[in-house]
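*Asks:* To start, I am sharing the structure in question, which I have written as C-alpha cells.
Readers should treat all values here as calculations from the given coordinates under stated rules, not as data from a laboratory. Just so you know, these numbers come straight off a predicted model, no measurement behind them. Backbone-built Cβ (ideal geometry, glycine too); neighbour counts: all protein chains shown.
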Amino acid sequence: MLKRGSILLTLLTVLLLLVACGGAPPAAAPTDAPTEAATEAPTAEAAATEATTAEAVATEATTAETAATEATASGEIFKVAIVMPSTITDLAWSQAMYDALVKIQTSMGGETAMEIAYSENMFNVTDAAAALRDYADKGYNLVIAHGTQYGSSLFDLAPDFPETAFAWGTATDTGVDKGLTNIFAYNAKAEEGGYINGVVAAMLSTSGTIGVIGPVEAGDAKAYIDGFEQGVLSVKADAKVNKIYTGSFGDTAAAAEAANTQISAGADVLTGSAQQVVGAIGVAKEKGIPWFGTQSDQSSLAPELVVATQVYDWVAVLEDMITKIKSGTVGGTAYDLTLANGGLKVVFNEGYSVPAEVKAAAEAAIKGISDGTIKALPQAMP
C-alpha cells in the first residue's frame, strides 16, 4: 500500500509540474494560432484604413472653414469694417459704398481674401463710435466711418490705434494738422452730376417748376442740390427750383410729404438726395412725375419714371487705400470722386425714353465739366 501510494504521489507531482510549465496547452496551439492570426490581421488593417479615411474626410471638411483663420494669421485676409447711417440696400449713400466693397472683394478672390464687416442704421453717433472702436480692437485693417457725423469720434479714436487705417467721408480732412497719419478722407463732388441732372430736368420740364427734396443742408447732399439748380438755370434762366430740406437723412415719410408739397406747387420733375428718397420716389411713381437720383442707381424703384442717376463709384478710391495700407501707408490721402476720373457716373435709365437732343446736351455738359470749360458750383462743406 505504501509503495503504491508513493508511485501515485510521484505521478501526480510530475503532472502538476507539466501543467505549471505550460506543457499541455501548446498541444492545441498549432491548430488555433494560425486561425486567430488570420482573423485578427485583416481587422487591424481595416481599422487602420478606416481611421485614415475618416481623418482625410475630416481634414477636407474643415479645410474651407480653417482657410480664413489660417489666412488671417498669416496676414493674407484683408479685413474691412464699415459703420453706416442706413442699410446696405438703401439705394443711396450706404449702398454705394457697400457695393464697391463687394466688387473689390470679388476681384480679390472672395471672402478668403477679403472680409467685410458692417454696422447698419447707426444714426446714433455714440453707438457708431463704440462700433468703430470695437472694429479697431478686433484688428481690422481698414475701418470706415461712412458719414461726416462720425468725424469727431473718428479723430478721438485714431490716436489709440496708430497701425489701423481709418477713412471717413464726405470729407477732405485727414488729420495731418493734428499729427495723425492713419486717416483717409473721401469726397464726392456731387455738384458735377447734379449739374448734369439739372440740365436734363430743365429740358424735360414743361411747367418750368422743378421740386427738390433734400435731407440736411450740408455735405454732398447740398452740393448735389446746388449743382442741380445751377444746371437747371443754365438751360432755363426763368425756371423755379423749389427746395425743401426735411432735416433728416432717413425720414421717408417726411420725404413723401415734401414730394406731395412740391407737386401741389406745380413741379413736374423731382429730384432729391439721401436714403429718405425712397418715400419721395414712391410719390413720384404714384403721380407719374419724372425723378432724378443720386448716389446709387434708383431706377429699380420706378423703372418708367427714373430718368437718370448720378452714381457714386468708390471702387478706385478703395483699391488705392488698400494698396497703400498693404505697403505700410495707413492714411494721409484725401480723394475726390469726379466726372473726369470716373468716380461719378451719370447713368440713364433704359426704361425711360430720353430724347436724343436731351442726351446730347447731357453729354456736352459732361464733357464741359470734365475738361473745365463748365464750372459746377464747388461743394459746400458743413
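*Asks:* Can you tell me the order of 270-276, 131-137, 360-366, 82-88 when each peptide is scored by its average per-residue count of other Cβ atoms within 10 angstrom, highest first?
*Replies:* 270-276, 82-88, 131-137, 360-366
*Asks:* Right, something else. Can you give the charge dipole size of segment 74-188 about its Cα centre, rounded to the nearest 20 debye, using +1 on the beta carbon of Lys and Arg and -1 on the beta carbon of Asp and Glu?
*Replies:* Approximately 140 debye in magnitude.
*Asks:* Separate question: Hey, with R₀ at 41 Å, roughly what FRET efficiency would D238 and K178 work out to, going by the Cβ-Cβ distance, to 0.05?
*Replies:* Given R0 = 41 Å and the Cβ-Cβ separation, E is 0.30.
*Asks:* If you don't mind, there's one more thing I want to ask. Would you work out the relative contact order for segment 112-248, in percent, from Cα pairs under 8 angstrom that are 6 or more residues apart?
*Replies:* The normalised contact order for segment 112-248 reaches 18 percent.
*Asks:* Alpha carbons only, please: Rg and Dmax for segment 133-252, in angstrom.
*Replies:* Expressed in Å, the Cα Rg and Dmax of segment 133-252 come to 18.8, 57.
*Asks:* Cα centroid distance between segment 334-357 and segment 93-122, in Å?
*Replies:* 23
*Asks:* How big is segment 190-331 in terms of Cα radius of gyration and Dmax, in angstroms?
*Replies:* Cα-based Rg and Dmax for segment 190-331 come out at 16.2, 56 Å.
*Asks:* If you don't mind, there's one more thing I want to ask. Which entries of K103/K178; K138/K178; K222/K285; K243/K375; K236/K345; K287/K375 have Cα-Cα distances beyond 28 Å here?
*Replies:* Over 28 Å Cα-Cα: K103/K178; K287/K375.
*Asks:* Any chance you could run the full-extension gain for T89 through E163? It's 0.36 nm times the residue separation minus the Cα-Cα distance, nm to one decimal.
*Replies:* Fully extending the segment from T89 to E163 adds 23.5 nm.
*Asks:* Once you keep just the Cα pairs under 8 angstrom separated by 6 or more residues, what percentage relative contact order results for segment 224-382?
*Replies:* Taking the mean separation of contacting Cα pairs over the length of segment 224-382, I get 17 percent.
*Asks:* With a ≥ b ≥ c the root eigenvalues of the C-alpha gyration tensor of segment 103-162, is it rounded (a/c under 1.5), prolate (a/b larger than b/c) or oblate?
*Replies:* Prolate, because a/c is 1.5 or more and a/b exceeds b/c.
*Asks:* Report P(r) for segment 74-188: all Cα-Cα distances, bin width 10 Å, range 0 to the bin holding the largest distance, values in whole percent.
*Replies:* Over segment 74-188, the share of Cα pairs per 10 Å bin runs 14, 48, 33, 5 percent.
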